[in-house]
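Report on the following structure.
The values are calculated or read from the model by the stated rules, or taken from the named source; none is laboratory data. All values reported here derive from a predicted model rather than from experimental measurement. Heads up, the Cβs are rebuilt from the backbone with ideal geometry, glycines too, and the neighbour counts pull from every protein chain shown.
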Amino acid sequence: MQEQDWGDDELWIVTASSPNIAESPTGQKNVKSVNPYASATVSGEELKEGRVKAETLAAQMSQFVRVIGRVFADAQKQINPDAGLQLDEVKLAVDISAKGEIKLLGTGIETSGKGAIELKFKRVDPSK
């Protein structure tokens, strides 16, 4: 596979984070590390932005897709051929951190409005 020359290409990544909540010695919840001068908030979450090199993001995505491909290829091998089952489609929600890290979102994570990216992998018909 040929390497892509990304040069100095960068992307802006905007992330939202909830204020850090910690318990005081009395058991009450205290809000810490909230920037009162934050330029924007979304539903009470602080927005942070940063630039990520396209090359970094591409490398992270390539590694993520390579590992996910191996995981699901192995899962397919575990299916008994007599069962007549075949893995046909995989849908994953991923998050990109401000550092360009690709993170798989597990169940129970609310992805609507959070900027998650949905990756959908479908089985290719080998006859085409």
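Structure summary
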| item | result |
| --- | --- |
| Condition check for THR111: modelled with pLDDT under 90, surrounded by fewer than 12 Cβ atoms within 10 Å (Cβ to Cβ) and either under 29 Å from ALA16 (Cβ atoms) or among the acidic types (Asp, Glu) (or both) | no |
| Residue match in the stretch 77-98 (condition: in contact with a Ser or Thr (Cβ under 6 Å, 6 or more places away or on another chain) and either closer than 21 Å to VAL124 by Cα or modelled with pLDDT of 80 or more (or both)) | yes |
| Any hit, the stretch 34-54, residues being over 22 Å from the mean Cα position of the chain (by Cα), modelled with pLDDT under 85, exposed (fewer than 10 other Cβ atoms within 10 Å of the Cβ) and not polar (S, T, N, Q) | yes |
| In the stretch 60-74, residue surrounded by the most Cβ atoms within 10 Å (Cβ to Cβ) [restricted to those that are among the small types (Gly, Ala, Ser) and out of contact with any strand residue (DSSP E or B) (no Cβ under 9 Å at 6 or more places or on another chain)] | SER62 |
| Residue among VAL14, VAL31 that is modelled with pLDDT under 75 and either part of a strand (DSSP E or B) or surrounded by 10 or more Cβ atoms within 10 Å (Cβ to Cβ) (or both) | VAL31 |
